[in-house]
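The values are calculated or read from the model by the stated rules, or taken from the named source; none is laboratory data. Quantities reported herein were computed from a predicted structural model and do not represent experimental measurements. Heads up, the Cβs are rebuilt from the backbone with ideal geometry, glycines too, and the neighbour counts pull from every protein chain shown.
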Amino acid sequence: MDVRSAFNSGLAGFQDASAQLSNASSRIAQAGIAEKSMTEEQQATGISSPPAERASISITDEIINLKLAELQAKGAAKVITTANDMVGTLIDTSA
């Protein structure tokens with residue numbers, strides 16, 4: 001087995017998790033800004049209906065995406081750790 005391949009897979013998984021984390025957190029921030037502006041608009045127009053339910057659903061989905069990114073990063077870290085242990089074992093046996 002090529003150890004570099006395992007390291008590369010772990011690194012790619014970790015980078016994907018980082019990108020997913022950034023995207024989800026950005027969408028949460030955007031949803032918060034949109035909800036705030038909707039509330040201000042409702043106050044200005046006198047409409048007393050609650051903010052659109054879509055914003056809370058979107059935030060819920062993005063929180064789930066954050067958790068998925070966390071789990072993906074943990075899995076990738078485990079792959080990297082295992083590859084590192086393999087290299088250590090190979091060095092010990094070949095010395």
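If you scan segment 4-22, which residues turn out to be surrounded by fewer than 13 Cβ atoms within 10 Å (Cβ to Cβ) and more than 15 Å from the chain's Cα centre (by Cα)?
Filtering segment 4-22 down to residues surrounded by fewer than 13 Cβ atoms within 10 Å (Cβ to Cβ) leaves 4-5, 12, 15, 19, 22.
If the condition is that a residue be surrounded by fewer than 13 Cβ atoms within 10 Å (Cβ to Cβ) and more than 15 Å from the chain's Cα centre (by Cα), then Arg4, Ser5 are the ones that fit.
What pairs come up if the first residue lies in segment 56-72 and is closer than 13 Å to Gln30 by Cα and surrounded by 14 or more Cβ atoms within 10 Å (Cβ to Cβ), the second is at pLDDT below 90 and not β-branched (Val, Ile, Thr), and their beta carbons are under 6 Å apart, counting only those six or more places apart or on different chains?
Sorted first by the residue in segment 56-72, then by its partner, the pairs are Ser58/Ala31; Ile59/Ala31.
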